[in-house]
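The next block holds one structure in the form of structure tokens; read it before the comments.
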Amino acid sequence: MLTGMTSEPEQQIGVGTPDAFQRLWTPHRMAYIQGENKPSGPGADDGCPFCSIPAKSDEDGLIVARGEHVYAVLNLYPYNGGHLMVVPYRHVADYTELNGPETVELADFTKRAMTALRTASGAHGFNIGMNQGSVAGAGIAAHLHQHLVPRWGGDANFMPVIGHTKVLPQLLGDTRAILADAWPTGDLPVR
């Protein structure tokens, strides 16, 4: 045990006692924690951000690409740089509610997003998934969305592990522009 350290927690009053910890403040995360931009209810007219984003310009909505049934958009609260989501235009909560064309285009956009992220950022791997329902971790459970989080070897450094802070090296608007430029058009090669 380090000198002067105890295993007992110390109560800090006011600003606290200097304890040799460096603190990184991320006040912008408070908007997410407090539920900013979360719908007031389950309906499409209850303030669903995924229903309102398509009416914005690509730049204002952080939209990377638009399809007939789905669109790709950057996550406002990303786990890693380039974290995006594929979202159906239609307001449905569950994957089983997608119709055939929506399912096909969601899969196609997932492949295109992976290709764009590899081209633009050299991603080594991906976490891809959907949280179905609030008990499963869906921040906006009423509107289906699939996450694509690019990963690189060693990207889980001390900042998120110890500091509970993610360092993003680029503004979201800049990331959107780079990914939109890298978005593949035409048929994708089959691997």
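The values are calculated or read from the model by the stated rules, or taken from the named source; none is laboratory data. No experiment lies behind these values; they were computed from the predicted model shown. Please note: Cβ atoms are built from the backbone with ideal geometry, for glycine as well, and neighbour counts cover all protein chains shown. Areas reflect the complete protein model, heavy atoms only, side chains present, ligands, DNA and RNA absent. Shrake-Rupley method; radii C 1.70, N 1.55, O 1.52, S 1.80 Å.
A few comments on the model shown:
- Between R118 and E68, the FRET efficiency from the beta-carbon distance, with R0 = 30 Å, is close to 0.80.
- Spacing of the two label points (7 Å from each Cα toward its C-beta) at L76 and K38, in nm: 1.3
- Projected label distance in nm at K56 and T185, using a 7 Å step from Cα toward the beta-carbon: 2.5
- In this calculation the C-beta distance from D46 to I128 is compared with R0 = 30 Å, giving a FRET efficiency of 0.65.
- Counting charges near A177 (Lys, Arg +1; Asp, Glu -1) among other residues having Cβ under 11 Å from its Cβ returns a value of -3.
- Annotation for segment 45-84 versus segment 122-156: alpha-carbon center distance of 14 Å.
- Near N127, once Lys and Arg are set to +1 and Asp and Glu to -1 for all other residues with Cβ below 13 Å from its Cβ, the sum equals 0.
- Equivalent-ellipsoid semi-axes of segment 43-182, from the Cα gyration tensor, Å, largest first: 24, 17, 15
- A 1.4 Å probe run over the protein chains yields, for segment 43-182, 49 Å² of accessible area per residue, whole-number rounding.
- Nearest-10 value in Å² for the accessible area of F109, using the 1.4 Å probe: 10
- Protection proxy ranking of 85-97, 52-64 - average other beta-carbon atoms within 10 Å, highest first: 85-97, 52-64
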